[in-house]
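Following: one structure in structure tokens, then a few remarks.
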Amino acid sequence: MSDEVRHGETLEIADIKKVMEVLPHRYPFLMIDKVINMKDGTSGTGIKNVTINEQFFQGHFVNKPVMPGVLMIEAMAQTAITIVACADGIDTKDKMAFFMSIDNARFRRPVVPGDQLEIPVELVKKRGNVWKFHGEAFVDGALACEAHFAAIAIDAVE
């Protein structure tokens, strides 16, 4: 399957190259490596390989590195943006997405170097330029984090 998004066609997988085309984020704030199982702009699963080289591990925590929970939620949001932008063919170069809300966030287990996060995200509701999602993050099938969140897309400001 081609990496290009065509009108009326949805990518099933967005590799890191496609993720970087869609998202404005770069290291150290790019929180996903790819998105798999994308379905019609309504769902997909982000993948994040968590390594000891992550910048946040330098201080969180020095003797027991743990991925900050807010970064897992950011990974959910980046997954959601990728799913929607690929399905709808949205040119994200002139758009920015911002959180509007984060609700019912729950953190169930620590995420540490060597873990691989699987981040299924599902579109709950869309109204205009506002999207509501439910996301989860799993490590080896165990729930690490979950949240409902909303985002708004606005024109990029220079």
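The values are calculated or read from the model by the stated rules, or taken from the named source; none is laboratory data. This structure is a prediction, so every number in the text was calculated from the model and none was measured. Counting neighbours? That spans all protein chains shown, and the Cβs are built from the backbone with ideal geometry, glycine included.
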Which ones in the range 56-88 are farther than 15 Å from residue 153 by Cβ and among the β-branched types (Val, Ile, Thr)? 62, 66, 70, 73, 79
Selection within the range 141-158 - among the charged types (D, E, K, R), surrounded by fewer than 18 Cβ atoms within 10 Å (Cβ to Cβ) and either under 18 Å from residue 32 (Cβ atoms) or free of Cβ contacts under 8 Å to residues at least 12 places away in the same chain (or both): 158
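Sort out for me the strands (runs of 3 or more DSSP E) sitting completely within the range 41-158 that have 2 or more residues that are under 22 Å from residue 28 (Cα atoms) and of a type in the set (A, V, I, L, M).
Filter on the range 41-158 gives 95-107, 116-127, 130-139, 142-155.
In this structure, does residue 89 turn out to be over 21 Å from residue 19 (Cβ atoms) and at pLDDT below 95?
Working: over 21 Å from residue 19 (Cβ atoms): no; at pLDDT below 95: yes.
So residue 89 does not fit the description; no.
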